[in-house]
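Undergrad: If you scroll down you'll find the structure; I have some questions about it.
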Amino acid sequence: MVGTVAGGTVTVNGASGSATVDVTPTTKISQLTQGQLTDITAGQCLMVNPTKDGGTPPSVTAAAVLFGAPDNGACVRPGANAPGRRLGGTVASVNGNSIVLTTADNSQTTVTVTHNTRYAKRVAADATAIAAGQCFAARGQKDNAGALQATFVSVRPSNNGKCGGGRKPS
């Protein structure tokens with residue numbers, strides 16, 4: 001979670017202590033916000049987390065979806081679109097509560113959304129989107145002083161001051 005922001009220096013507080021992240025004008029920043037079905041349009045990228053018993057491609061029911069504009073003209077897709085696993089691709093169409101998704105192998109999957117489906121929208125942002133109290137993830141290389149020189153940053157609102165959703169230790 002973001003502790004402080006001073007210029008391009010972000011202090012992040014986590015379970016294993018604090019870390020310093022340097023954000024520059026070349027750092028790519030994205031922001032996750034709450035979305036809704038009416039925000040989803042053809043050509044956007046879509047990641048789907050199916051419900052526990054949500055079926056298998058070519059037809060699944062979504063527990064949660066993450067959507068946004070393509071990154072450099074392409075949608076990043078997860079590994080194999082296997083039963084019960086996250087799947088992703090490009091939105092071909094939206095009709096009522098159905099989203100047709102074109103996956104990496106050019107097959108199509110119909111994603112059904114319900115009143116229980118959660119939506120998150122990914123949008124490009126700038127450094128002003130980074131603020132204390134937000135959830136924060138970054139990629140890059142550490143410099144000699146131990147600060148991460150960020151090439152990519154993602155921010156999203158915390159949930160009651162918590163940033164769950166990370167990987168669970170094995």
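What follows is calculated from the coordinates using simple rules that are stated; it is not laboratory data. On a predicted model such as this, the values are computed, not experimentally measured, just so you know. Positions of Cβ are generated from backbone atoms using ideal geometry, with glycine treated the same way; all protein chains shown enter the neighbour counts.
Undergrad: May I ask what percent, to the nearest 5, of DSSP beta bridges between residues of the range 14-158 are antiparallel?
TA: 70 percent
Undergrad: Explain nothing, just the number: dipole magnitude of the chain about its Cα centre with +1 on each Lys and Arg Cβ and -1 on each Asp and Glu Cβ, in debye rounded to the nearest 20.
TA: Computed charge dipole of the chain: roughly 400 debye.
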